[in-house]
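See below for the structure under consideration.
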Amino acid sequence: MRFSVLASGSSANATLIEAAGLRLLIDIGLNCRTLEQRLKALDVAPESLDGILITHEHTDHIGGLEVFTKKYTVPIFANYNTAAVIERQCRCHQRAVPEFNFFESGLPFMLGDLTITPVPIPHDTAEPVAYVIEDGAQKLGYFTDLGYVTEGVAQAITGCTALILESNHDLQMLRNSGRGFQLISRISGRAGHLSNDQACEAVATYASDELRTITLAHLSRDCNQPELAGALMSGTLKHIGKQNVTLAIAKQNESLPFMEL
Ligand SMILES: [Zn+2]
Ligand SMILES: [Zn+2]
């Protein structure tokens, strides 16, 4: 299994995963042209994708869906409620409605030899999920846009060999950002985003001995700094005796090289 976070942040999110002979995208927030460019840079033809997994309907996760799927025939996977909102938005703007394959949140399903588990998460959308992808040897967890770490998320983190984990904001920077009270409450609330401290706490509490690599994701441009998020997480890893776990920080404007598991 290997993966590349093609983009991550408040404007656009997309991650490419190759495992068990399949190529999957989690989220498609990049516009079609940028996505094509970033896939091409990794030597991946857009039409070679075997599926697109949708976490939730916020634009930074589905912004490129419509144009990309009009151009390329790639199956889209989402739960019913998320798909229904996306369909409604398309109809509302008189745009083509993409076709969805449905799964049930919390219930694992198979794609080829991969087991995909959509994990329900607290976030302010219809029915948001995180994903765990297993190929029998490796277990990759994709956890962004979560207000807090639920029991289900905690369980899903345990046993992961690779984590793509939200480290959205530094709480102090968010409070001093000059943003309105409501927006600050939304971001830091239980249906918003994980802070650096919450991400560190999740790893310290739930990561198990299998963990090999962490990629911090969905960093806020204005209310976080990659160096700060990175320093806090490497301090945590050292503190819990997992200093051998590799650490990367996903970017908004460029993709990360493939991480091999
Ligand atoms: Zn979101
Ligand atoms: Zn998001």
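The values are calculated or read from the model by the stated rules, or taken from the named source; none is laboratory data. Model, not experiment: these values are computed from the prediction. As a convention, Cβ positions derive from the backbone with ideal geometry for all residues, glycine included, and neighbour counts pool all protein chains shown. Side chains included, ligands, DNA and RNA excluded: accessible areas come from the protein's heavy atoms. Shrake-Rupley method; radii C 1.70, N 1.55, O 1.52, S 1.80 Å.
Once phi is turned into ³J(HN,Hα) by the Karplus curve 6.51 cos²θ - 1.76 cosθ + 1.60 with θ = phi - 60°, what whole-Hz value does each residue of the range 35-48 show in order, with x for glycine and proline?
Result, rounded to whole Hz: 4, 4, 5, 6, 5, 4, 4, 9, 6, 10, 7, x, 6, 8.
With the Cα gyration tensor of the chain in hand, give its eigenvalues times 5 under a square root as the equivalent ellipsoid semi-axes, listed largest first in whole angstrom. The partial results should precede the final answer.
On the way: eigenvalues 140, 95, 61 Å².
Semi-axes (√(5λ), whole Å): 26, 22, 17.
Run the accessible area of the chain with a 1.4 Å probe and give the carbon-and-sulfur part as a rounded percent. Mind dumping the intermediate values first?
Working: 5620 of 11650 Å².
Carbon with sulfur: 48 percent of the solvent-accessible area.
Please give the per residue accessible area of the chain, computed with a probe of 1.4 Å over protein heavy atoms only, in Å².
Working: 11650 Å² over 261 residues.
Each residue of the chain exposes 45 Å² on average to a 1.4 Å probe.
Taking amide H positions as placed in the peptide plane 1.01 Å from N, state which residues far from residue 103 in sequence (5 or more) or on other chains have amide H under 5 Å from it.
78, 79, 80
What whole-number distance in Å separates the alpha-carbon centres of the range 87-153 and the range 1-75?
About 14 Å separates the Cα centre of the range 87-153 from the one of the range 1-75.
For the range 1-104, which semi-axes, largest first and in whole Å, follow from the square roots of 5 times the eigenvalues of its Cα gyration tensor?
Values: eigenvalues 90, 42, 33 Å².
Taking √(5λ) for each eigenvalue gives 21, 15, 13 Å, largest first.
Which entries of 40/238; 71/139; 139/238; 70/139 have Cα-Cα distances beyond 25 Å here? Can you show the working numbers first?
Details: 40/238 36 Å; 71/139 31 Å; 139/238 22 Å; 70/139 31 Å.
Checking Cα-Cα distances, 40/238; 71/139; 70/139 exceed 25 Å.
Report the normalised scattering of the range 146-250 as log10 I(q)/I(0) at q = 0.10, 0.21 Å⁻¹, calculated by the Debye formula with identical scatterers on the alpha carbons.
-0.26, -1.05
Under the Karplus relation 6.51 cos²θ - 1.76 cosθ + 1.60, θ = phi - 60°, what is the ordered set of whole-Hz ³J(HN,Hα) values for the range 94-100, x standing for Gly and Pro?
Once θ is set to phi - 60°, the couplings for the range 94-100 become 6, 10, 4, 8, x, 8, 10 Hz.
Over the chain, what is the percentage of antiparallel beta bridges among all DSSP beta bridges, to the nearest 5?
50 percent
Which value in nm describes the separation of the simple spin-label points at residue 177 and residue 240, placed 7 Å from the Cα toward the beta carbon?
If labels sit at residue 177 and residue 240, their model points lie 2.5 nm apart.
Quick one: go through the range 119-138 and flag any residue whose amide nitrogen is under 16 Å from the point 7 Å out along the Cα-to-Cβ line of residue 104.
119-120
In 5 Å bins starting at zero, report the fraction of Cα pairs in the range 83-221 per bin as a rounded %.
P(r) for the range 83-221, in whole percents per bin: 2, 10, 17, 19, 17, 15, 11, 7, 3, 0, 0.
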